[in-house]
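The values are calculated or read from the model by the stated rules, or taken from the named source; none is laboratory data. Since this is a predicted model, take the numbers as computed values, not measurements. Quick reminder, even Gly has a Cβ in these numbers, built from the backbone with ideal geometry, and neighbours come from all protein chains shown. Side chains included, ligands, DNA and RNA excluded: accessible areas come from the protein's heavy atoms. Shrake-Rupley method; radii C 1.70, N 1.55, O 1.52, S 1.80 Å.
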Amino acid sequence: MKIRSSALASACALACSAASFANAAEAQLGHVVVTATRQPISADAALASVDVIERDEIARAGHSSLLGLLASRPGVQMARNGGPGSSGSIFIRGANSGHTLLLVDGVRIGSATSGSPVLETIPLELIERIEILRGPGSALYGADALGGVIQVFTRKGRAGFQPSARVGAGTDGAREASASLAGGNDRLRYNLTAGHERSDGFNARPEAQTGHDADDDGFREDYLSASLALDLGGNDELGANVLYSDMRNWYDAAQPYDSRLDKRAEAFGVHLRKQHSSTWASTLRLGHSVDALDNQSDASTRSRFDTTQRQLSWQHDIALGGGSLLAAYEFLQQRVQTTADYEKTRRHINAFLLGWGGDFDHHHVQLNARHDRNSQFGGKTTGTAAYGYQLSPEWRAHASIGTAFKAPTFNDLYYPVECYGAWGCFGGNAALAPEEALNRELGMAWERDGVSVDLTYFNNRIKNLIDWSSGIASNVGRADIEGVEASVTALFGDYRVRASVDLLDAEDEASGDELGRRARIGGALAVERTVGVWTWGMEWNGQGRRYDRVPNTAAGRMGGYGLMDAYVHYAMAPDWSVEVRANNLLDKDHELAKDFGTPGRSAFVALRYAMH
């Protein structure tokens, strides 16, 4: 399995050409991230591949979705069964959609039946920032972080009083309204945000066979988030966060009925941070999350799959040996409620983890180990080791190796077995083992005068993949995934530029077929400029041809695409602005999932009030 040499040369050219930008504008301060190590660290000092999307960029995304925003980042591909609100999947570095762990303010949220996070239920108006960890995260977060971690931080308050509101409308009957109250003082900070969004949509199955409900498939969503943080003095803090989303989206099933999915996401967390001494701090966190799915496929068929997760973590951060020691205990209980008759409906996990990171002159080291004890299948230990070297003030190199795993879902284990004569049997398998991965990566980074360049090679070998092709879930699959990520971000006066190229070879080991819905090549380019009261930007995002599934067939082939989006923001007054966004400007036909429609040219106009 080899990355094509011509494509690799293109990625290297993108990375290396940025060295000519040495006279660009003054460098920006690096982001501080926590997802990469579970401790605050500068993003440019992290030895893992991590990306950050801040509130300003989220606001400029306009009427786009979280799925669409993530898909514009290096190493991330997206599939979706229709328009906004429809079920979607994220693939980080070619891993399966269920290999991505979703956290909301540190609280794990997702389905323990399907095994995938329901990202479409989180609206952009609730988000303060997003951190994307690409690569194995099980040594920090346990099961499911085999491909990466997405952490969403909801909006927070700051000193003063900052009310805001936004209303907008667009094509396909899209409309949205939201409002936020935020503020605080030296002791207390708060935020409350609520909104409603809906769209009439379009026909999600335009090429479907006779018998489908050939109408437009829209969605509606109500959402709320709140946060509260109390400064107890001496760097001690007590805080709480809430996220709630209630969504319905309509879809076309194989019958003339207006089928619908009701999706509900809830996340609640409370934390107490205590600074015991100048070298020792601890954080106690309690969390509760719900992922609820109610599927009404026809007038007489209804299915329900609900997941409730209760979490506790107690983390200690200690300055030790010229670095920072992490020691933590975690408890997780997962409970499912379904219309199917499962043999077991709950499990619990006890986990202990240790980590240490330090800098010594030009050397940087990060070590992590974690042991999870799962009530279903026993113990699993994972670890990572990363090393970085500062070659010069501008150049740095890093290498890492790590293991990860994915726990079988309740569907994999306990879905009731049903037999259909000559068609065979279908159902779960209680004897399944976890999926396991070994990931290695090498990277180089260059940064000077507002320009940063990253080039990373990764190789991920996954075994014990759970396969349903025989009808009964079994550990028979293996996948070989390797790729190259090249990205450039730059600030040139009034211009902000971001570009990336992804090369991916994700194969099923047994057949040599490409894994479903993952393109061999993809890329993105974004240019933005602010002049006085005007901010405008252009974005391009493209993916090469893909196959819908394994085995690869001509009927399942999906062509490549390149989409152009644009936006303009006009600050008509200090606290008022008009936002205009157009997606798919060239009205390109494309597919994100075989035989599912995608939006054509669309536009959205919004009026925003935000007291500064």
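Points to keep in mind about this one:
- Close pairs from the stretch 117-129: first in contact (Cβ under 8 Å) with a residue 12 or more places away in the chain and among the charged types (D, E, K, R), partner buried (at least 23 other Cβ atoms within 10 Å of the Cβ) and not in a loop (DSSP other than H, G, I, E, B), Cβ under 6 Å, at least 6 apart: E120/G88
- When residues in the stretch 470-514 are screened for being assigned to a loop (DSSP other than H, G, I, E, B) and open to solvent by less than 20 Å² (accessible area, probe 1.4 Å), 2 of them pass.
- Some residue of the stretch 431-438 being open to solvent by 20 Å² or more (accessible area, probe 1.4 Å) and not in a loop (DSSP other than H, G, I, E, B): yes
- Failed item, numbered, when E197 is tested on (1) open to solvent by less than 20 Å² (accessible area, probe 1.4 Å); (2) closer than 12 Å to P84 by Cα: (1)
- Looking at S324, S313, just one residue is modelled with pLDDT of 95 or more, within 18 Å of R108 (Cα to Cα) and of a type in the set (G, A, S), and that residue is S313.
- Counted residues, the stretch 240-276 - those being within 23 Å of the chain's Cα centre (by Cα), surrounded by fewer than 19 Cβ atoms within 10 Å (Cβ to Cβ) and charged (D, E, K, R): 4
- Some residue of the stretch 317-336 being of a type outside the set (K, R), in contact with an Asp or Glu (Cβ under 9 Å, 6 or more places away or on another chain) and open to solvent by 70 Å² or more (accessible area, probe 1.4 Å): no
- Hey, R134 modelled with pLDDT of 95 or more and open to solvent by 10 Å² or more (accessible area, probe 1.4 Å) or not: yes
- Top-ranked residue of the stretch 167-211 - restricted to ones that are over 30 Å from L592 (Cα atoms) and basic (K, R), ranked as farthest from the chain's Cα centre (by Cα): R187
- Test result for Y609, open to solvent by 30 Å² or more (accessible area, probe 1.4 Å), touching a residue at least 60 places away in the same chain (Cβ under 8 Å), in contact with a Ser or Thr (Cβ under 7 Å, 6 or more places away or on another chain) and over 30 Å from R461 (Cβ atoms): yes
- For H364, the conditions (1) under 18 Å from S114 (Cβ atoms); (2) open to solvent by less than 60 Å² (accessible area, probe 1.4 Å); (3) modelled with pLDDT of 95 or more are fulfilled apart from (1).
- Selected residue (criterion: farthest from the chain's Cα centre (by Cα)) from residues of the stretch 295-311 that are surrounded by fewer than 14 Cβ atoms within 10 Å (Cβ to Cβ) and not in a loop (DSSP other than H, G, I, E, B): R302
- Hey, L66 within 24 Å of F596 (Cα to Cα), within 12 Å of the chain's Cα centre (by Cα) and buried (at least 20 other Cβ atoms within 10 Å of the Cβ) or not: yes
- In the stretch 35-75, residue nearest to V501 (Cα to Cα) [restricted to those that are among the polar types (S, T, N, Q) and without any contact (Cβ under 8 Å) to a residue 60 or more places away in the chain]: S65
- Every listed requirement among (1) open to solvent by less than 60 Å² (accessible area, probe 1.4 Å); (2) modelled with pLDDT of 50 or more is met by A25 save one, (2).
- All of (1) open to solvent by 10 Å² or more (accessible area, probe 1.4 Å); (2) assigned to a strand (DSSP E or B) hold for R158 with one exception: (2).
- Annotation: of all residues in the stretch 581-601 being in contact (Cβ under 8 Å) with a residue 40 or more places away in the chain and assigned to a strand (DSSP E or B), the one that is least open to solvent (accessible area, probe 1.4 Å) is R581.
- Top-ranked residue in the stretch 525-572 [being of a type in the set (V, I, T), part of a strand (DSSP E or B) and touching a strand residue (DSSP E or B) at 6+ places or on another chain (Cβ under 6 Å); ranked as most open to solvent (accessible area, probe 1.4 Å)]: V568
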